[in-house]
1. For chain A, set up a Gaussian network in which alpha carbons nearer than 10 Å are linked by springs, and say which option among A:M170, A:M85, A:M103 fluctuates the most.
2. Only helices at least 20 Å long along their own axis, judged from Cα atoms, and with Kyte-Doolittle mean hydropathy of -0.5 or greater: name those in chain B from DSSP H.
3. Could you identify which residue out of A:A176, A:A111, A:A92 has the top mean-square fluctuation in a GNM of chain A using Cα springs shorter than 10 Å?
4. Given +1 on the Cβ of Lys and Arg, -1 on the Cβ of Asp and Glu, and no further charges, what dipole in debye does the protein assembly as shown carry about its Cα centre, rounded to the nearest 20?
5. Anyone know which of A:V166, A:V45, A:V143 comes out most mobile in the 10 Å Cα GNM of chain A?
6. Given the -39500 (n - 2.57) contribution per DSSP H run of 4+ residues, what per-residue ellipticity at 222 nm results for chain B, rounded to the nearest 500 deg cm²/dmol?
7. What are the residues whose amide H is under 5 Å from the amide H of B:C154, where those residues sit 5 or more places off or on another chain and H is modelled from the backbone?
8. If a/c stays under 1.5 just call it rounded; otherwise compare a/b with b/c (prolate if a/b is bigger, oblate if not). Do that for segment B:136-203, with a ≥ b ≥ c from the square roots of the Cα gyration tensor eigenvalues.
2 protein chains.
Amino acid sequence: MNNVNSDLKIRGRNPRGEGEKLRATLLEAATELLAESEHPERVSVRGIARRAGVSPTAIYLHFESREQLFRAVSEECFAELGAAMCAAGPDAGGEPRDQLAAMGHAYLRFARERPGHYAVLFQRQITPEADEDDDEPKVGMDVFESLVGVVRRCGVPEADAFDLGVVLWMALHGRAAVASAMPGFPFPDEDRYIELLVDRVLA
Amino acid sequence: MNNVNSDLKIRGRNPRGEGEKLRATLLEAATELLAESEHPERVSVRGIARRAGVSPTAIYLHFESREQLFRAVSEECFAELGAAMCAAGPDAGGEPRDQLAAMGHAYLRFARERPGHYAVLFQRQITPEADEDDDEPKVGMDVFESLVGVVRRCGVPEADAFDLGVVLWMALHGRAAVASAMPGFPFPDEDRYIELLVDRVLA
DNA sequence: AATCTGAGTTGACATTGTTCATTTACAGTG
DNA sequence: CACTGTAAATGAACAATGTCAACTCAGATT
């Protein structure tokens, strides 16, 4: 069932000044492997290097550690998830309530169709440090903001919008995570789940 | 910060017929280490053996693999979580609505105070196989049942009780998981979160 | 031509999960 | 008591992992 060893790309050294290209190549390789394995902890530094056609240690020219490499992948994935959700919701127009449901579906679909990517999003200590540097918009925060925006447009009291956004998000994440950890759990249908969730949360 | 090597218990071989005792000792050692590290993936078979005062291979007399050992720990933890929730909720009496809130708090407290144990609960593929053997009550299912029971007693339509129980549980798990993965996230206060959650979910 | 430096590699180390062959020590029999 | 079957556990070894320090190698700069 495992790849035998066909996963190495022939690649020469990058010309001067373009060393950063390897960084992108590595991210791509890591992303591919995560997409294939759905078990992030089983994706190895050496496997990524092999896939990228480069020696394992080359990774350490661009990332401090395996963990930081995964963090970088996770940021990319978060951006993608956000894009998918925004495309389904705010950017698609329609009733705010329907936008909310569509965003929920997009979220669960992402988690279902790309479990490896989704899992990497919520490994421990994802937040870079969560300290004072407020300048960087904290990847993933903006898509959350936009969710809260839609909640707001649904007409909930201003004071509750943020907190209800959190509840919504957490209920989505909870379902996605448990669905992947306990495949046998008798979840209600995805449509039903989201309908119920949106209905209840929006008073 | 790491233990130097003071973690080995002197222990002689078990008398005949009582070999099963090591199984318990191993579970205990694993549980302790998980409690200390809060990163399940960094708790090693060899570390557990060292803590139990036994050779690494002895583990394989009682568990098929590291994964199965962890699964066993996870089942114990699930039972404890269930006990904590039931003690706070149904067994404590009072208004069903308050019971629900108390169960929620118990859940979040467990996750907060014992992150290592909580994390091991929701690693991938926890469910033994999720196949036809319906006889075993699927650890963790019973505590979920009791949550649904309380929801039912809150007077929600019979047809919705189960599904709303799921929503509640998922919102709890979502918050617990994200709180641990993204310590910086600006969650609403725990009381506020649960109050909001219970209020909304119970129509 | 000599040097510097960016881009990568080699080889090694300490750990890890796991297997197989082996040893130890207890309990019952002769 | 000595003997033996076997439960309980060990030790050596394997392949794989993350990471580090020292090295190569080619293109740019002087």
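1. The residue that fluctuates most here is A:M170.
2. The answer, listed by residue number, is B:20-37, B:66-88, B:158-181.
3. A:A92
4. 1880 debye
5. For chain A, modelled as a Gaussian network with Cα springs under 10 Å, the answer is A:V166.
6. Mean residue ellipticity at 222 nm (helix-derived): -20000 deg cm²/dmol.
7. Amide H to amide H, under 5 Å and 5 or more residues apart or across chains, B:C154 pairs with nothing.
8. In terms of gyration-tensor shape, oblate.
The values are calculated or read from the model by the stated rules, or taken from the named source; none is laboratory data. Just so it is clear, the model here is predicted, and its values are computed rather than measured. Don't worry about glycine lacking a Cβ; one is built from the backbone with ideal geometry, like all the others, and counts go over all protein chains shown. Note: accessible area is taken over every heavy atom of the protein model, side chains too, but ligands, DNA and RNA are not part of it. Shrake-Rupley method; radii C 1.70, N 1.55, O 1.52, S 1.80 Å.
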